[in-house]
Amino acid sequence: MTDGPSTEERGWFEGLTRGDLDGAREAIETGTAESPENWPTRAVAAGFAADAADYYDALGEATRHAAREGVAERELSDDQQLIHAIRAMDDAERTANELAERVAEWAGSRFEEGEAGIEGARVIAEREPHGPGDERVTDLAARVVDLDAEAARLRAFTERTAGSVAPNLAALAGPALAARLIALAGGLKTLARKPSGTLQVLGAEEALFAHLRGQATSPKHGVIYTHEYVRGTRPGERGSAARALAGKLSIAARIDHYAGDRRPELEKELDARIERIRTRGES
Amino acid sequence: MSDDRSGSTDDGSGNSPSLPTGVTYREFGDESEARLATRGRPVYGERTEGEWRLWDPRRSKVGAMYEKGLDLRLGGGKKVLYLGAASGTTASHVADFSRCVYAVEFAARPVRDLVGVAEDRSNLFPLLEDARKPASYAHVVEPVDALIQDVATRGQAGVARANQRFLADDGVLILTVKARSEDVTGDPADVFESVLADLREAYEVLDTERLEPFHDAHLAVVARPR
Ligand SMILES: C[S@@+](CC[C@H](N)C(=O)[O-])C[C@H]1O[C@@H](n2cnc3c(N)ncnc32)[C@H](O)[C@@H]1O
């Protein structure tokens, strides 16, 4: 703590016009200082406020505005945006793969045999075309490469968004699976309201219907199968692992929807639970 | 401490040596026992009696600290930095008897409610910031008389140390340590010992108290900067 005015540190109000709330928000959000100063005194000395009470009025108005806008902005990256993005990602991936097959088939009739799939399209896109027929093929291959790159960017975006929409769920499930679960449920709220047994088989609807028609055994897990805690558990204990994971994921989804704060202890509880399941009956 | 709080109807000038001006025990309705209260607009559906609102120790760790008879060395009319304000349950009570409260919370959803609370309390300043990054709000927060921390996250001692820069030399740290946030499986007593050891690098610990039965496996710590 220092009591003399420091020359380097700048208070949020410095250079600001009184009443410019957006400017104040910007200053509050982006400004920094190593250590606090006696800002009320500094603000009065700088002519920003008439006295301490006046300074606190301005500070209250500015912090409320900044917090309100900050919250609204974060919530724009909401679960419905996430669902649009994940569907777009699936479409982009599927379309890229379909077009890559078309490119491979067409290219096979004009050029030497190459690889199939996205990698094959990447090679063809690099080719120097000879004539308009070649050009249609190489251009189409270039579109495939672009679409694949866009799918990768969409994937990164959905994973980031999942972390801000559902921080606890993303921490437990991993961002990709968290995004998947929210999309399958149709939103964070609907996911939060589902019993954990439903969450456990989300994405296994076909298997579930087959079971209900009496044509198959009941599915033990849906997309949560992709989680290391299910896949990496030996088959005999997989059902228990899936149940334990689904239970914690559904608690995480509820906290994310109803409270929104981070609860790091959930991860540790899950780790401990899986550890017990994996080691029981051993040794 | 029940001798101090029977049937008091004073103006809230503090009726126990450790209660700040503006905090008092009073009777609510037909309840026979006097309850902790501050004066202000209700926030979370708590009972009211005139301008007084019940401060529920089960909903608030600072409330529980008073209930357990801890001396928080917090007078009325002080400047406070509150870390982990959530939706403002406790921060609103503290604002009722303080000069001003800078309330830091990094999760967006609770901050929405916190802003609502601040709309009724012109001395409560909500900050959507991360308490692990004090430089991101030191251009807004002034030096304070008390640092109240309830972040329930791993590294609670580290957060208190990083924020020591805000505390006046004769200021007080009022810290809640949640054992399960540091280590879910460890014995709370061991977890508290290791957090305290870490804290002592920068603070002199004046008093500690477990918050049962109000909050399980939580330790209250009162400390001052070294
Ligand atoms: C137990 S709650 C606080 C309850 C509040 N003190 C009350 O009594 O009304 C803990 C809060 O700390 C917040 N938190 C955790 N880590 C944080 C950090 N690094 N910065 C700011 N807030 C944090 C959580 O989001 C949560 O809202």
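Can you tell me which residues in region B:163-180 are in a helix (DSSP H, G or I) and over 18 Å from the mean Cα position of the chain (by Cα)?
Scanning region B:163-180 gives B:R165, B:R180.
For region A:24-46, enumerate the residues that are in a helix (DSSP H, G or I) and of a type in the set (V, I, T).
A:I28, A:T30, A:T41, A:V44
Within region B:173-216, track down each residue that is charged (D, E, K, R) and within 15 Å of the ligand (Cβ to nearest atom).
The answer is B:K178, B:R180, B:E182, B:D216.
Would you please name the residue that is farthest from the other protein chains (Cβ to nearest Cβ), looking only at residues in region A:47-82 that are surrounded by fewer than 14 Cβ atoms within 10 Å (Cβ to Cβ) and not in a helix (DSSP H, G or I)?
A:G47
Here's the yes/no breakdown for (1) touching a strand residue (DSSP E or B) at 6+ places or on another chain (Cβ under 7 Å); (2) within 15 Å of the ligand (Cβ to nearest atom):
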{"site": "B:W52", "(1), (2)": "yes, no"}
{"site": "B:V80", "(1), (2)": "yes, yes"}
{"site": "B:T89", "(1), (2)": "no, yes"}
{"site": "B:A95", "(1), (2)": "yes, yes"}
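From A:A207, A:A242, which residue is crowded, with 17+ Cβ neighbours inside 10 Å and touching a His at 6+ places or on another chain (Cβ under 8 Å)?
After ruling out the rest, the residue left standing is A:A242.
B:T185 - would you say it is of a type outside the set (G, A, S), touching a helix residue (DSSP H, G or I) at 6+ places or on another chain (Cβ under 9 Å), surrounded by fewer than 15 Cβ atoms within 10 Å (Cβ to Cβ) and at pLDDT below 95?
Yes; evaluated as a whole, the condition is true for this residue.
Looking only at region B:62-69, decide whether some residue is buried (at least 20 other Cβ atoms within 10 Å of the Cβ) and at the interface with chain A (Cβ under 10 Å from one of its Cβ atoms).
no
Scan region B:143-191 for residues that are touching a residue at least 12 places away in the same chain (Cβ under 8 Å), over 16 Å from B:K78 (Cβ atoms) and aliphatic (A, V, I, L, M) and jot them down.
The answer is B:V151, B:A152, B:A157, B:V159, B:A160, B:A162, B:L175, B:V177, B:A179, B:V191.
Return the pairs, sorted by first residue and then second, in which the second residue is surrounded by 14 or more Cβ atoms within 10 Å (Cβ to Cβ), the first residue lies in region A:192-205 and is in contact (Cβ under 8 Å) with a residue 60 or more places away in the chain, the beta carbons are less than 7 Å apart, and the residues are 6+ apart or on different chains.
Pairs that qualify, where the first residue is in contact (Cβ under 8 Å) with a residue 60 or more places away in the chain and the partner is surrounded by 14 or more Cβ atoms within 10 Å (Cβ to Cβ), are A:A192/A:A253; A:A192/A:R254; A:A192/A:H257.
Being in a helix (DSSP H, G or I) and within 10 Å of chain A (Cβ to nearest Cβ), is that true of even one residue in region B:76-93? Show your work before the answer.
To start, the set of residues in region B:76-93 that are in a helix (DSSP H, G or I) comprises B:89-93.
With the extra rule that they be within 10 Å of chain A (Cβ to nearest Cβ), the set shrinks to none.
Taking every residue of region B:76-93 in turn, none turns out to be in a helix (DSSP H, G or I) and within 10 Å of chain A (Cβ to nearest Cβ).
So which residues in region B:97-117 are within 13 Å of the ligand (Cβ to nearest atom) and surrounded by fewer than 24 Cβ atoms within 10 Å (Cβ to Cβ)?
Filtering region B:97-117 down to residues within 13 Å of the ligand (Cβ to nearest atom) leaves B:101-114, B:117.
Those that are within 13 Å of the ligand (Cβ to nearest atom) and surrounded by fewer than 24 Cβ atoms within 10 Å (Cβ to Cβ): B:F106, B:A107, B:A108, B:R109, B:P110, B:R112, B:D113, B:V117.
Could we say that B:V159 is within 10 Å of the ligand (Cβ to nearest atom), in contact with a Leu (Cβ under 6 Å, 6 or more places away or on another chain) and of a type in the set (A, V, I, L, M) here?
Values: within 10 Å of the ligand (Cβ to nearest atom): yes; in contact with a Leu (Cβ under 6 Å, 6 or more places away or on another chain): no; of a type in the set (A, V, I, L, M): yes.
No, not satisfied.
Answer with yes or no whether B:V43 is among the β-branched types (V, I, T), buried (at least 24 other Cβ atoms within 10 Å of the Cβ) and farther than 22 Å from B:Q164 by Cα.
So B:V43 does not fit the description; no.
Can you confirm whether A:R102 is of a type in the set (K, R) and either under 25 Å from A:L188 (Cα atoms) or within 10 Å of chain B (Cβ to nearest Cβ) (or both)?
no
Kindly provide the set of residues from region A:164-202 that are over 20 Å from A:R262 (Cβ atoms), small (G, A, S) and buried (at least 24 other Cβ atoms within 10 Å of the Cβ), ordered by number.
Across region A:164-202, the qualifying residue is only A:A183.
Within region B:131-146, identify whether any single residue is surrounded by 20 or more Cβ atoms within 10 Å (Cβ to Cβ), within 9 Å of the ligand (Cβ to nearest atom) and under 25 Å from A:Y55 (Cβ atoms), and answer yes or no.
Yes, some residue in region B:131-146 is surrounded by 20 or more Cβ atoms within 10 Å (Cβ to Cβ), within 9 Å of the ligand (Cβ to nearest atom) and under 25 Å from A:Y55 (Cβ atoms).
Report whether or not B:K61 is of a type in the set (K, R), within 16 Å of B:L173 (Cα to Cα) and within 13 Å of the ligand (Cβ to nearest atom).
Answer is yes for this residue.
Being in a helix (DSSP H, G or I) and touching a strand residue (DSSP E or B) at 6+ places or on another chain (Cβ under 9 Å) is the filter here; which residues of region A:239-283 pass it?
Correct list: A:E265 only.
If a residue has to be modelled with pLDDT under 95 and at the interface with another protein chain (Cβ under 10 Å from one of its Cβ atoms) to count, how many in region A:15-32 make the cut?
4
Going by what's in this entry, would B:D120 be described as out of contact with any strand residue (DSSP E or B) (no Cβ under 9 Å at 6 or more places or on another chain), more than 10 Å from chain A (Cβ to nearest Cβ) and more than 9 Å from the ligand (Cβ to nearest atom)? Spell out how you get there, then give the answer.
On the way: out of contact with any strand residue (DSSP E or B) (no Cβ under 9 Å at 6 or more places or on another chain): yes; more than 10 Å from chain A (Cβ to nearest Cβ): yes; more than 9 Å from the ligand (Cβ to nearest atom): yes.
So B:D120 passes the test.
The values are calculated or read from the model by the stated rules, or taken from the named source; none is laboratory data. Keep in mind that what you see is a predicted model, and the values were worked out from it rather than measured. Neighbour counts are summed over all protein chains in view; Cβ atoms, including those assigned to glycine, are modelled from backbone coordinates with ideal geometry.
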